[in-house]
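One structure below.
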Amino acid sequence: MHEKTTFGKEARNKMDKQKMETEKRALQMYICVVLNSKGGALIWNITNTDYSYNELGIGQDLEQCLNTLIYPLHSLSSLLMLMQ
């Protein structure tokens, strides 16, 4: 599966909100596929050619998305605490 996503906080903040959400949901879906298949590799293309993880990170929205996949119970408990 080959998809493209813009990485980096500043680059993602400059994006159209709908495109940003579409990219995030696509990445989330493919990560779920890999996790549900109990392993594998995900090949992903980065849209911005000047991207450097060490300098730019992945973007806050993508980081939060990945955290909810990796730590779903923690996210759920945080949500429940906010609702009380």
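Listed values, structure above:
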{"item": "Residue that is in a helix (DSSP H, G or I), modelled with pLDDT of 85 or more, of a type in the set (Val, Ile, Thr) and surrounded by 15 or more Cβ atoms within 10 Å (Cβ to Cβ), where the choices are Ile58, Ile31", "result": "Ile31"}
{"item": "Condition met for Ile31 (β-branched (Val, Ile, Thr) and touching a residue at least 40 places away in the same chain (Cβ under 8 Å))", "result": "no"}
{"item": "Pairs where the first residue, in the stretch 5-28, is on the phi > 0 side of the Ramachandran plot and the second is assigned to a helix (DSSP H, G or I), C-beta under 6 Å, 6+ apart", "result": "Gly8/Leu56"}
{"item": "Residue that is nearest to Glu3 (Cα to Cα), among those in the stretch 34-55 that are aliphatic (A, V, I, L, M) and part of a helix (DSSP H, G or I)", "result": "Val34"}
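The values are calculated or read from the model by the stated rules, or taken from the named source; none is laboratory data. Model, not experiment: these values are computed from the prediction. As a convention, Cβ positions derive from the backbone with ideal geometry for all residues, glycine included, and neighbour counts pool all protein chains shown.
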